[in-house]
1. Tell me the residue from 55, 36 that is buried (at least 22 other Cβ atoms within 10 Å of the Cβ) and at pLDDT 95 or above, please.
2. Would you call residue 160 farther than 13 Å from residue 196 by Cβ, over 21 Å from the mean Cα position of the chain (by Cα) and crowded, with 16+ Cβ neighbours inside 10 Å?
3. Residue 149 passes all but one of (1) within 28 Å of residue 57 (Cα to Cα); (2) without any contact (Cβ under 8 Å) to a residue 60 or more places away in the chain; which number fails?
4. Could you name every one of the strands (runs of 3 or more DSSP E) located completely within the stretch 61-143 that has at least 3 residues being crowded, with 17+ Cβ neighbours inside 10 Å, more than 20 Å from the chain's Cα centre (by Cα) and assigned by TED's automatic domain parsing to the domain that holds residue 186?
5. Identify all residues within the stretch 358-375 that are assigned to a helix (DSSP H, G or I) and either surrounded by fewer than 15 Cβ atoms within 10 Å (Cβ to Cβ) or in contact with a helix residue (DSSP H, G or I) (Cβ under 9 Å, 6 or more places away or on another chain) (or both); write none if there are none.
6. Checking residue 344 against (1) in contact with a helix residue (DSSP H, G or I) (Cβ under 9 Å, 6 or more places away or on another chain); (2) over 23 Å from residue 382 (Cβ atoms); (3) surrounded by fewer than 15 Cβ atoms within 10 Å (Cβ to Cβ): exactly one of these is not met. Which one?
7. Give the stretch 163-180 a look and list any residue that's out of contact with any helix residue (DSSP H, G or I) (no Cβ under 6 Å at 6 or more places or on another chain) and either surrounded by fewer than 16 Cβ atoms within 10 Å (Cβ to Cβ) or not in a strand (DSSP E or B) (or both), or say none.
8. Taking the stretch 209-247 as the region of interest, how many residues are buried (at least 16 other Cβ atoms within 10 Å of the Cβ) and more than 24 Å from the chain's Cα centre (by Cα)?
């Protein structure tokens with residue numbers, strides 16, 4: 001049986017070298033993603049009977065913390081693959097599960113083309129799957145297509161002619177699909193989060209997964225996705241902490257009035273390092289606690305261990321625990337990445353170190369969804385007993 005956490009640790013050691021340079025030059029990590037593909041890490045959450053490891057959500061969190069500490073762009077680029085595994089496990093029919101999850105066990109990677117820039121509200125989908133005679137034809141445009149340039153298989157969200165939501169599973173090289181490298185965010189520069197253009201793409205009926213019923217039925221998928229986002233933020237913060245410690249030990253000079261000969265003995269530098277460590281390690285512990293709640297919720301739903309109100313309560317509690325972890329991981333990552341400079345002063349701002357990538361990555365990634373609504377959901381749950389919205393962001 002593969003130890004996927006140990007595998008991620010081995011991969012991280014190969015991915016970390018050159019991460020700062022890839023960010024500075026905006027070089028996409030094709031070689032690093034290929035290492036992950038060939039390693040079989042993408043099968044970590046695939047059911048055992050389909051050739052995977054069916055690891056716990058706690059181990060998923062550990063994997064993403066480890067990879068994000070090495071290079072958060074690589075970690076985020078494979079996040080959609082892990083999200084797709086959960087969607088397929090919960091929503092797809094048995095034939096689709098065997099086909100696609102089996103492909104993941106055979107070292108294929110997937111990604112998702114979900115978000116669009118059009119519409120009044122975030123999350124609106126205008127990509128359409130229409131019937132033309134005997135054919136199903138897909139047309140639309142996506143943005144934030146994280147990881148699609150690296151993927152073998154794409155999960156594309158669309159609506160049919162009645163407005164019903166669905167996923168379409170297509171090989172990335174399907175005629176009519178154009179993947180653009182046009183993401184230019186200040187951080188997470190090499191996640192390949194650009195555009196996907198869909199022009200008269202032919203779709204087979206077996207490639208369509210109906211989705212509408214899940215808009216009214218609570219599930220664990222949103223919490224599992226948010227858990228990975230939390231883990232990526234923790235990894236970013238841990239990398240910044242490592243750089244702060246290394247600089248204080250090897251690069252920083254004490255101020256004359258400190259009365260010490262080494263920066264590592266300066267009481268204010270010691271205080272700063274202690275503050276950074278307590279902040280990010282405390283958030284990391286909260287993420288692991290939330291991961292255990294998500295794991296229980298996922299197994300309860302996938303295996304039918306709980307039903308009705310009992311399942312509803314477990315799913316809602318997992319979402320709330322992840323919301324708490326999201327607040328902690330966001331604040332900790334930003335705090336550590338900002339205060340890193342207090343350890344070393346002006347020298348740490350030099351471009352050759354590229355320490356600013358930590359803050360740029362944290363600030364960019366933590367904008368993924370609104371933190372304010374996490375606070376609101378927690379308050380509603382604790383004060384009024386109201387469960388969080390049924391959505392893929394909770």
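1. Working: 55 fails: buried (at least 22 other Cβ atoms within 10 Å of the Cβ).
Residue meeting the stated conditions: 36.
2. Details: farther than 13 Å from residue 196 by Cβ: yes; over 21 Å from the mean Cα position of the chain (by Cα): yes; crowded, with 16+ Cβ neighbours inside 10 Å: yes.
The answer is yes for residue 160.
3. Only one criterion in (1) within 28 Å of residue 57 (Cα to Cα); (2) without any contact (Cβ under 8 Å) to a residue 60 or more places away in the chain is unmet by residue 149, namely (2).
4. Details: elements: 110-113, 128-132, 135-142.
Once the strands (runs of 3 or more DSSP E) in the stretch 61-143 are filtered for at least 3 residues that are crowded, with 17+ Cβ neighbours inside 10 Å, more than 20 Å from the chain's Cα centre (by Cα) and assigned by TED's automatic domain parsing to the domain that holds residue 186, what remains is 135-142.
5. 358, 359, 360, 361, 362, 363, 365, 372, 373, 374, 375
6. Against the list (1) in contact with a helix residue (DSSP H, G or I) (Cβ under 9 Å, 6 or more places away or on another chain); (2) over 23 Å from residue 382 (Cβ atoms); (3) surrounded by fewer than 15 Cβ atoms within 10 Å (Cβ to Cβ), residue 344 comes up short only on (3).
7. Across the stretch 163-180, the qualifying residues are 163, 171, 172, 173, 174, 175, 176, 178, 180.
8. Going residue by residue through the stretch 209-247, those that are buried (at least 16 other Cβ atoms within 10 Å of the Cβ) are 209, 211, 214, 218-241, 243-245, 247.
After this cut, where a residue has to be more than 24 Å from the chain's Cα centre (by Cα) as well, the list is 244-245, 247.
Total meeting the criteria: 3.
The values are calculated or read from the model by the stated rules, or taken from the named source; none is laboratory data. Bear in mind that the values here come from a model prediction, so they are computed numbers and not experimental data. All Cβ positions, even for glycine, are placed from backbone atoms using ideal geometry, and neighbour counts span all protein chains on display.
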